[in-house]
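Beneath this line is the structure, given in C-alpha cells, with notes to follow.
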Amino acid sequence: MIPVNEPLLNGNERQYLLECIDSGWISSEGPFVKKFEEMVSCYVGLKHGVAVCNGTAALEVAVSAIYLKPGEEVIMPTFTIISCALAVLRRGGIPVLVDVEPDTWCMDINQVKDKITSKTRAIMPVHMYGHPVDMDPIMELAEKHKLYVIEDAAEAYGAEYKGRKCGSMGHINCFSFYANKIITTGEGGMVVTNDDKLAERARLHRNLCFKEGRRFYHEELGGNYRMTNLQAAVGVAQMERGEEFVEIKRKNGAIYNRLLADVDLIQKPAEKEWAKNVYWMYGIVLDENSRFNAEGFASRLKEKGIGTRPFFLGMHEQPVFHNMGLFKTEQYPVAERIARQGLYLPSGLTLTEKQITIAVEAVTDVIEKG
Ligand SMILES: *Cc1c(COP(=O)(O)O)cnc(C)c1O
C-alpha cells in the first residue's frame, strides 16, 4: 500500500525530544516553544509567533484576538475544513460563505465583495492544497471596508503569492502542524502576526486569559491551547529542514504533473503565474464524463494499493449546520462538483519517484479500463 501521507522524522527530532525528557521540560514552559515560535515567524517574516496545540485552536485564538463579537460576520470559502467555521461560531459569530474557483479551488474573490455587509468584521482566505489565494484584491477590499484578514495557511507552508509567503499577508494568520502538514509536531499550530496588540491577545487567549500581573483574575473567557515543549522540540527539528520539505513537495508535484500530462478526464492542480504552489496534497478532479465519481475511483485505487483522500465537503452541505438553520438553501456549484469529483493522491514527504509512477499507472489504468 502506498499511503496518502507519511511524515519525515529522521532529522534532530529524536535528539531534541530526549533533551526535553532529560531536562524535565515537557510542558509549554520549555525553551523549544519560544525557539519554534521564532523560527516560524521569522520564516514568514513577521514579528510574532504564538504556538498552540493544533491548527483549529490557532483559528479560534486568531478570531478571539480580533475581538469578534456575537452576530459579526466572517467571509470564508465553503470549500474548507470545518475548523474555519467553528472558530467563528464559538464566539457567536456568523460564517458567511462563498464558492471557490474551478482551477485553484481557492475562494472566489469576485463573490467576496457581494457578501460584505455592515456586520462583516473579517475575511478568512484559505490557501487550498498548497496553492495561494489571490490576496491583493482581498487586502484591498479589507482596507476599503476596514476588515481584518485572517489567512488560513495550514496547507501552504512555503507557498508564495507574488513572492510573498502564505501566512505573511493577512493581519493575523494561522498554521497547522498536524502529522500530514508540511511541518509537523504531531498535533500543533501557530498564530503569526506583525501586530503587537493582536499577538498579546493571542497569547492571552491561548492561556485561559490569565491576566498579566494578576494570575487568577479573568476579564474574558479563553482556553488552554498551549503547545508542549515536546511538540515544539519536534517542530524545531522539522523547521531546520523546512526548505528541503518544500522542495520535496514541489518536486513530487512536478513529477505528477509530467506523468499525468496526457491523461484525459483528469483535472490537475493549478499553478497561477503569480503563485508558488507547494503541492501540499496532489489533488485531482475527475471529469464528469469519466465513469467515476471520487468515491468509486478511490475504492478502485485502494484495490490497487494506492491510498487517497476525498476532497472537502462544503460547509453549506453539512448536516450539523443545516440543523442550526445555517446555509440550508445556499448553493455553490463549484464546491459541490469538486467535493464529489475530487480526491488527492499519495503526497507524503517519503514518497519515491517509483511510487509516484506506480500511483499514476494505477490512475491511468482505472481511467482507461474502469
Ligand atoms: C489541517 C487544517 C486545519 C486544522 O488543523 P488541525 O491542526 O488539524 O486542527 C485548518 N485549516 C486547514 C485548511 C487545514 O488543512
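Among the residues of segment 176-212, which ones are under 24 Å from Asn252 (Cα atoms) and either more than 14 Å from the ligand (Cβ to nearest atom) or open to solvent by 40 Å² or more (accessible area, probe 1.4 Å) (or both)? Let's see the steps before the verdict.
Filtering segment 176-212 for residues under 24 Å from Asn252 (Cα atoms) gives 176-186.
Passing the criteria: only Tyr178.
Which condition does Ala87 not pass, out of (1) within 11 Å of the ligand (Cβ to nearest atom); (2) without any contact (Cβ under 8 Å) to a residue 60 or more places away in the chain; (3) open to solvent by 40 Å² or more (accessible area, probe 1.4 Å), if it passes all the others?
It fails just one condition, (3).
Of the conditions (1) more than 30 Å from Met124 (Cα to Cα); (2) part of a loop (DSSP other than H, G, I, E, B); (3) of a type in the set (D, E, K, R); (4) out of contact with any Asp or Glu (no Cβ under 9 Å at 6 or more places or on another chain), Asp264 clears all except one; give me its number.
(4)
What residue, among those in segment 63-84 that are open to solvent by less than 10 Å² (accessible area, probe 1.4 Å) and farther than 16 Å from Phe321 by Cβ, is nearest to the ligand (Cβ to nearest atom)?
Ranking the qualifying residues of segment 63-84, first place goes to Val63.
Thr117 is checked against (1) within 16 Å of the ligand (Cβ to nearest atom); (2) hydroxyl-bearing (Ser, Thr, Tyr); (3) more than 26 Å from Leu286 (Cβ to Cβ) and fails just one. What number does that condition carry?
Only one criterion in (1) within 16 Å of the ligand (Cβ to nearest atom); (2) hydroxyl-bearing (Ser, Thr, Tyr); (3) more than 26 Å from Leu286 (Cβ to Cβ) is unmet by Thr117, namely (1).
Would you mind finding the one in Ile66, Ile94 that is in contact with a strand residue (DSSP E or B) (Cβ under 6 Å, 6 or more places away or on another chain) and farther than 22 Å from Gly167 by Cα? Show your work before the answer.
On the way: Ile66 fails: farther than 22 Å from Gly167 by Cα.
Just one listed residue meets the conditions, Ile94.
Identify, please: which residue in segment 153-175 is open to solvent by less than 10 Å² (accessible area, probe 1.4 Å), assigned to a strand (DSSP E or B) and out of contact with any Ser or Thr (no Cβ under 6 Å at 6 or more places or on another chain) and is, among those, farthest from the ligand (Cβ to nearest atom)?
Tyr161
Lys144: open to solvent by 80 Å² or more (accessible area, probe 1.4 Å), in contact with a helix residue (DSSP H, G or I) (Cβ under 9 Å, 6 or more places away or on another chain), more than 20 Å from Gly30 (Cβ to Cβ) and modelled with pLDDT of 95 or more, yes or no?
On the way: open to solvent by 80 Å² or more (accessible area, probe 1.4 Å): yes; in contact with a helix residue (DSSP H, G or I) (Cβ under 9 Å, 6 or more places away or on another chain): no; more than 20 Å from Gly30 (Cβ to Cβ): yes; modelled with pLDDT of 95 or more: yes.
No, not satisfied.
Look at Pro102 and say whether it is at pLDDT 95 or above, over 24 Å from Ala58 (Cβ atoms) and either open to solvent by 10 Å² or more (accessible area, probe 1.4 Å) or within 16 Å of the ligand (Cβ to nearest atom) (or both). Before you say what the answer is, go through the steps one by one.
On the way: at pLDDT 95 or above: yes; over 24 Å from Ala58 (Cβ atoms): yes; either open to solvent by 10 Å² or more (accessible area, probe 1.4 Å) or within 16 Å of the ligand (Cβ to nearest atom) (or both): yes.
Answer is yes for this residue.
Does Leu221 count as under 28 Å from Ile123 (Cβ atoms), out of contact with any helix residue (DSSP H, G or I) (no Cβ under 7 Å at 6 or more places or on another chain) and either assigned to a loop (DSSP other than H, G, I, E, B) or of a type in the set (Ser, Thr, Tyr) (or both)?
yes
What are the residue pairs meeting all of these: first residue in segment 185-206, first residue free of Cβ contacts under 8 Å to residues at least 60 places away in the same chain and more than 14 Å from Val40 (Cα to Cα), second residue of a type in the set (Ser, Thr, Tyr) and outside any helix (DSSP H, G or I), Cβ atoms under 9 Å, and 6 or more apart or on different chains?
Once the first residue is free of Cβ contacts under 8 Å to residues at least 60 places away in the same chain and more than 14 Å from Val40 (Cα to Cα) and sits in segment 185-206, its partners that are of a type in the set (Ser, Thr, Tyr) and outside any helix (DSSP H, G or I) give Gly186/Tyr178.
When the residues of segment 274-327 are filtered to those that are among the basic types (Lys, Arg) and open to solvent by 70 Å² or more (accessible area, probe 1.4 Å), which remaining residue is nearest to Asp365 (Cα to Cα)?
Going through segment 274-327, the residues among the basic types (Lys, Arg) turn out to be 276, 291, 300, 302, 304, 309.
Cutting the leftovers down to open to solvent by 70 Å² or more (accessible area, probe 1.4 Å) gives us 291, 302, 304, 309.
Working: Arg291: 13, Lys302: 13, Lys304: 10, Arg309: 19 Å.
Within segment 274-327, the match that is nearest to Asp365 (Cα to Cα) is Lys304.
Can you tell me which residue among Glu60, Glu13, Glu6 is among the charged types (D, E, K, R), under 17 Å from Glu187 (Cα atoms) and within 16 Å of the ligand (Cβ to nearest atom)?
One residue alone meets the criteria, Glu60.
Name the residue, out of Lys249, Lys276, Lys304, that is at pLDDT 95 or above, basic (Lys, Arg) and in contact with a Leu (Cβ under 9 Å, 6 or more places away or on another chain).
Values: Lys276 fails: in contact with a Leu (Cβ under 9 Å, 6 or more places away or on another chain); Lys304 fails: in contact with a Leu (Cβ under 9 Å, 6 or more places away or on another chain).
Lys249 is the lone residue from the list that is at pLDDT 95 or above, basic (Lys, Arg) and in contact with a Leu (Cβ under 9 Å, 6 or more places away or on another chain).
For residues that are part of a helix (DSSP H, G or I) and not hydrophobic (A, V, I, L, M, F, W, C), scanning just segment 121-152, find the one that is farthest from the ligand (Cβ to nearest atom). If you could, list the steps in order and put the result at the bottom.
Of the residues in segment 121-152, the ones part of a helix (DSSP H, G or I) are 135-145.
So of that shortlist, the ones also not hydrophobic (A, V, I, L, M, F, W, C) come out as 136-137, 140, 143-145.
On the way: Asp136: 21, Pro137: 20, Glu140: 23, Glu143: 24, Lys144: 26, His145: 24 Å.
Applying the filter and picking the extreme gives Lys144.
The values are calculated or read from the model by the stated rules, or taken from the named source; none is laboratory data. These figures come from a predicted structure and were not determined experimentally. Quick reminder, even Gly has a Cβ in these numbers, built from the backbone with ideal geometry, and neighbours come from all protein chains shown. Ligands, DNA and RNA are excluded from the accessible area calculation, which covers all protein heavy atoms including side chains. Shrake-Rupley method; radii C 1.70, N 1.55, O 1.52, S 1.80 Å.
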